[in-house]
Amino acid sequence: MRLKLKMLVACFVLVSIHSISAKKSLNVVIDKALQHATEQSLLMAKSLENEVGKLPRSYVNGKLTTSDSRWWCSGYFPGVLWYLFENSKNNEVLKYAEEFTARVEREKYTTDNHDVGLMIYCSFGNGYRITKKPAYREVILTAAESLSSRYNEKVGLIRSWDFNKSQWQYPVIIDNMMNLDLLLWASKESGNQRFRNISISHANKTMKHHYRLDMSCYHVVSYDTITGLPHKKQTSQGASDSSSWSRGQAWGLYGYTLMYRETKDVHYLEMAKKIANYIFNHPNMPSDYIPYWDFNAPGIPNAKRDASAASIMASALTELSGYVEKPLRKKYLKIAEIQLRTLASPEYTANIGENGNFILKHSVSSIPHKSEVDVPLTYADYYYVEALLRMKSLLRKK
Ligand code: GLY
């Protein structure tokens, strides 16, 4: 009897030691990944320091590609720098975060596409959260006015794109859910209820019309501006109109998670859980949880993976884990951990000074457009660093 008891205690101690060291090693992985991201991002910032107005975009055929602030991703590199400053308190990183954020300021007046929300919230939003500079606050509030000018009462959604008018009356893409973070922040900050109402209407109509019965979503839904109902459901960057484009599924997961955070409406929580269930139980999801660029991509298992979709999913899932009951929380965190460990491995993480000084390799912008395929992308880096910080903060609380 005594022996049995001793063995039981020994087993318990062994299991505890094992789980503590496993937890520790994830901490180590995260700290190393953040250190690497800081070194790599400083190299990137220095390489563009004297290129007036330029922001990194990708690294294609051995060459760094850049954009000005007009490109939809302009806010991501400044956002990476803000996160890395928050983590490291390194003043050189702060100097560059301020410098590259300033390069995006003119976008506060953008009214010709929905991406103003992402451009400004990832750059100035993080900058304001960390520094509380009043000038940054004004930029975000101006951007909220610009973004909300794209809302049509009859349709009840924010219009995404202005091009292809002969094909789409009022195109709304699933990606647009990401812009609601800025609007909801602006509503809280300014007391302007309209920003909140727009966000809620947009999220509700997207829930109704973008999602299929299996909880996958279309990329583009175009609405009839007279009836306010969809007249086309299509793709732009996915494998086909009926396919499940991975980054679109990731945007939706992130979008409904943020909607729940900001409103505490359980419909959004249920929605995020259902999307997660679809994504992470999909038969075409690889065991390392780095999705193919489309769940229905031709050529699976030889199709390209998309690290950007994995980063967005990891970040969203880590946040969502904080809103669900224990068994699901454990499951979500386990998946996010596998994603982060894979992304932090040499398979996806670039050597210092390589990969155009981007952090991650192997993302896909658009295979149908033959654009930026299997390359680094700023949004992969941004959501990866965000996910690392979210996970780090959870581990600290444990
Ligand atoms: N929002 C554009 C994209 O995800 O490629």
### Counting all C-alpha pairs of segment 82-182, share separated by more than 24 Å (%)
30
### Query
Non-local amide H neighbours of residue 354 (under 5 Å, H modeled in plane, Pro and chain starts lacking H): which ones?
none
### Query
Any idea of the accessible area per residue across segment 94-239, 1.4 Å probe, to the nearest Å²?
39
#### Entry: Kirkwood Rh in Å, taken over all unlike Cα pairs in segment 150-233
13.1
### Task
Run the numbers on segment 143-201 and let me know its relative contact order in percent, using alpha-carbon pairs under 8 Å that are six or more apart.
33
### Message
Could you give each residue of segment 321-337 its phi-based ³J(HN,Hα) in whole Hz, using Karplus coefficients 6.51, -1.76, 1.60 with θ = phi - 60°, and x for Gly or Pro?
### Response
4, x, 10, 10, 6, 3, x, 5, 4, 4, 5, 4, 5, 5, 5, 4, 5
### Message
Counting C-alpha atoms alone, how compact is the chain: give Rg to one decimal and Dmax as a whole number, in angstrom.
### Response
21.2, 81
### Summary
The relative contact order of the chain, taking Cα pairs under 8 Å that sit 6 or more residues apart, comes to a percentage of 16
### Message
Could you derive backbone 3J(HN,Hα) for segment 240-253 from the dihedral phi with the Karplus parameters 6.51, -1.76 and 1.60 (θ = phi - 60°), listing whole Hz in sequence and x where the residue is Gly or Pro?
### Response
7, 4, 9, 8, 10, 5, 4, 5, x, 5, 5, 4, x, 4
### Message
Explain nothing, just the number: dipole magnitude of segment 235-322 about its Cα centre with +1 on each Lys and Arg Cβ and -1 on each Asp and Glu Cβ, in debye rounded to the nearest 20.
### Response
80
### Task
With just the Cα atoms of segment 43-94, tell me how far they stretch along each of the three principal axes, in Å, largest first.
33, 21, 20
### Message
Run through segment 257-308 and list the trypsin sites (Lys or Arg not before Pro) located in a DSSP loop whose Cβ has at most 14 other Cβ atoms within 10 Å.
### Response
264
### Difference of contour (0.36 nm per residue) and Cα-Cα distance, residue 366 to residue 31
117.4 nm
### Task
Might you report the magnitude of the Cβ-based charge dipole of the chain about its Cα centre, with Lys and Arg at +1 and Asp and Glu at -1, to the nearest 20 debye?
1620
### Message
As an exercise, take the mean of 1/r over every pair of distinct alpha carbons in segment 196-264, invert it, and state the Kirkwood radius in angstroms.
### Response
12.8
### Query
Using θ = phi - 60° and the Karplus curve 6.51 cos²θ - 1.76 cosθ + 1.60, what whole-Hz ³J(HN,Hα) does each residue of segment 112-121 get, with Gly and Pro shown as x?
9, 6, 6, 5, 3, x, 5, 4, 7, 6
### Query
If you line up the Cα atoms of segment 202-338 on their principal axes, what length do they span on each, largest first, in Å?
46, 41, 22
### Query
Percent relative contact order of segment 134-247, based on C-alpha pairs within less than 8 angstrom and at least six residues apart?
24
### Message
Please give me, ordered by residue number, the GluC sites (Glu not before Pro) of segment 317-398 that lie in loop per DSSP and have at most 15 other Cβ atoms within 10 Å.
### Response
325, 347, 354
#### Entry: segment 118-157: GluC sites (Glu not before Pro) in DSSP coil with no more than 15 other Cβ atoms inside 10 Å
153
### Message
With n ≥ 4 as the cut-off for DSSP H runs, can you work out [θ] at 222 nm for the chain, using -39500 (n - 2.57) per run divided by the number of residues, rounded to the nearest 500?
### Response
-17500 deg cm²/dmol
### Summary
The Kirkwood hydrodynamic radius of segment 279-338, taken as the inverse of the mean 1/r over all distinct Cα pairs, in Å, comes to 12.0
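The values are calculated or read from the model by the stated rules, or taken from the named source; none is laboratory data. Please read these numbers as outputs of a predicted model, since none were measured by experiment. Neighbour counts are summed over all protein chains in view; Cβ atoms, including those assigned to glycine, are modelled from backbone coordinates with ideal geometry. These accessible areas exclude ligands, DNA and RNA; they are computed on the full protein's heavy atoms, side chains included. Shrake-Rupley method; radii C 1.70, N 1.55, O 1.52, S 1.80 Å.
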